[in-house]
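Here's the structure we're looking at; comments come further down.
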Amino acid sequence: MLSRLAVLVSILASIVGLAGCYGYRTGTSLAANITSIHVSSFNNRTGDPDVETAATSATVREFQKDGSLRMSSAEEADAIVEATVTGLTLEPLRYSKDSATETTEFRLLLSANVIVKNRKTGKTISTHQDLTGKTTFVPGGDLSSSKRLAIPAAARDLAHAIVAAVVEAW
């Protein structure tokens, strides 16, 4: 009797577990004919030099790591990613205990607008406004150099947000 109940509970648990996976799919949420992508060089509207280079490189690496879409040349890709880095913001997080005006830790925010287009038709597949990547850093020496060293980490976080926005259905 007890073993029969255990088998019944086991079957019921399996059914409930599988029902939770209903509708879940792996891969990209893009149309089935979109299997390759090209990331165009990002535009930079921040006033900080080379921010777009870090963001473009990080996004290419993130698409490669994700693996949902094959990286391709602009002439052969099914979809083209175009992006503009729109903001680079520093937010003070922590202040010195000795001086309320001396910041000892910052958050760097890097934001971008992204458009994904079908290469063959030129039609927009999706647009994503104000995607943001962030990192924190403790300034060492001058703030400008510390900020410059923090940009790649924020670019990687931004790239993760871009790839997630492009390929995931949520």
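Computed from the coordinates by the stated procedures, all read-outs in this text should not be read as laboratory data. These numbers were taken from a predicted model, which means no experiment stands behind them. Here Cβ is always computed from backbone atoms with ideal geometry, including for glycine, and neighbour counts include all displayed protein chains.
Under a 5 Å amide H to amide H cut-off, with H placed in plane at 1.01 Å, what residues pair with SER36 once short-range neighbours are removed?
Placed amide hydrogens put ARG70, ASP78, ALA79 under 5 Å from SER36.
In whole angstrom, note down how far apart the Cα centers of the stretch 146-170 and the stretch 32-99 are.
The distance from the Cα centre of the stretch 146-170 to that of the stretch 32-99 comes to 7 Å.
Which of ILE151, ALA54, GLN129 sits farthest toward the positive end of the charge dipole of the stretch 30-167, with +1 on the Cβ of Lys and Arg and -1 on the Cβ of Asp and Glu?
GLN129
Most exposed first by the Cβ proxy, i.e. fewest other Cβ within 10 Å, how do SER73, SER126 rank?
Fewest to most other Cβ atoms nearby, the residues stand as SER73, SER126.
For LYS147, give me every one of the lysines with a C-alpha distance below 25 angstrom, ignoring sequence neighbours fewer than eight places off in its own chain.
Those lysines meeting the cut-off are LYS97, LYS134.
Dipole size in debye (nearest 20) for the stretch 54-151 around its Cα centre, Lys and Arg Cβ +1, Asp and Glu Cβ -1?
Values: 13 positive and 12 negative charges, 45 e Å.
Charge dipole of the stretch 54-151: 220 debye, to the nearest 20.
Of the trypsin sites (Lys or Arg not before Pro) in the stretch 122-170, which ones lie in a loop per DSSP and count no more than 12 other C-beta atoms within 10 Å? Please list the in-between numbers first.
Details: sites: LYS123, LYS134, LYS147, ARG148, ARG156; in loops: LYS123.
Taking the stretch 122-170 and a limit of 12 other Cβ atoms within 10 Å, the loop trypsin sites (Lys or Arg not before Pro) found are LYS123.
Quick one: which residues, 5 or more positions from SER126 or on another chain, have an amide H under 5 Å from its amide H? H modelled 1.01 Å from N in the peptide plane, none for Pro or chain starts.
Close amide H contacts, sequence-distant or interchain: VAL116.
What GluC sites (Glu not before Pro) in the stretch 58-117 are in a loop by DSSP, with at most 16 other Cβ atoms within 10 Å of the Cβ?
Here the sparse-neighbourhood loop sites are GLU75, GLU76, GLU102.
What are the ³J(HN,Hα) values, in whole Hz, obtained from phi via the Karplus relation 6.51 cos²θ - 1.76 cosθ + 1.60 with θ = phi - 60°, for each residue of the stretch 56-64 in sequence order, with x given for Gly and Pro?
After applying 6.51 cos²θ - 1.76 cosθ + 1.60, I find 5, 4, 5, 5, 4, 4, 5, 5, 4 Hz.
Quick one: if you stick a label point 7 Å off each Cα along the C-beta vector at SER41 and SER99, how many nm between them?
4.0
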